[in-house]
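Single-structure report; data block below.
Values quoted throughout were computed directly from the atomic coordinates according to the rules given, and no laboratory measurement underlies them. Computed from a predicted model, the values in this text were never measured in an experiment. Cβ atoms come from the backbone with ideal geometry, glycine included; neighbour counts cover every protein chain shown.
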Amino acid sequence: KKTVDQLSLLPPITNTGANTFGCLVNGIAMLPKSGVPTWSNPFITSPVEVLFRSEIRISVGNPDGPAISMFFYLYNLYSGGLGPFYWKQSKFGAEAFPVYNSQLYGMFLNSNTNKYEWYGSFNNSGLTTISKFDTVNHIIAGTFNGKLVQKNGTDEINITNVLFDINWTTIQY
């Protein structure tokens, strides 16, 4: 049987507001189900929220893939510019807003239990780099890589080759 090169499934790296996202979760491609980042929570009107206080949140996921959802925050994006943004300990959305650290967390498939579980960043477990942050044209693009640890557990997963290129005014369409 011919196996598919998971890296070849990822979209190209761009910084034009192409509304793309992709990564490898423990070597398995994670892509939005429709090819465009989406979010099915009826209380969130857009899959991408750029909060003009200091953080950004992007939510993506595919229930047929290695993750259901992923959220990342970049503390002090407006004054920090292109970064780098080193990940800190995640509080899994329980922190007071605005979020005072750069972090990543989400629901990922635990290969040991074959169930989706919460995983989050820990201090210096990853790095996000922004290649473009354009507030006039509403584009944020970049990459990140790192490790996440299971909430209330010790299992770790690797998030690699992450790339995103989002126009936060057109992503919901």
Amide H contacts under 5 Å for LYS151, placed H, 5+ residues apart: TRP118, TYR119, GLY120
Shape call, the range 70-172: gyration tensor on alpha carbons, a/c limit 1.5: prolate
Label point distance in nm, GLN89-ASP155, each placed 7 Å from Cα along Cα→Cβ: 2.3
Amide hydrogen neighbours beyond the local backbone of SER69, cut-off 5 Å, H modeled: MET107
Interchain or long-range residues, amide H under 5 Å from SER102's placed H: TYR75, LYS88
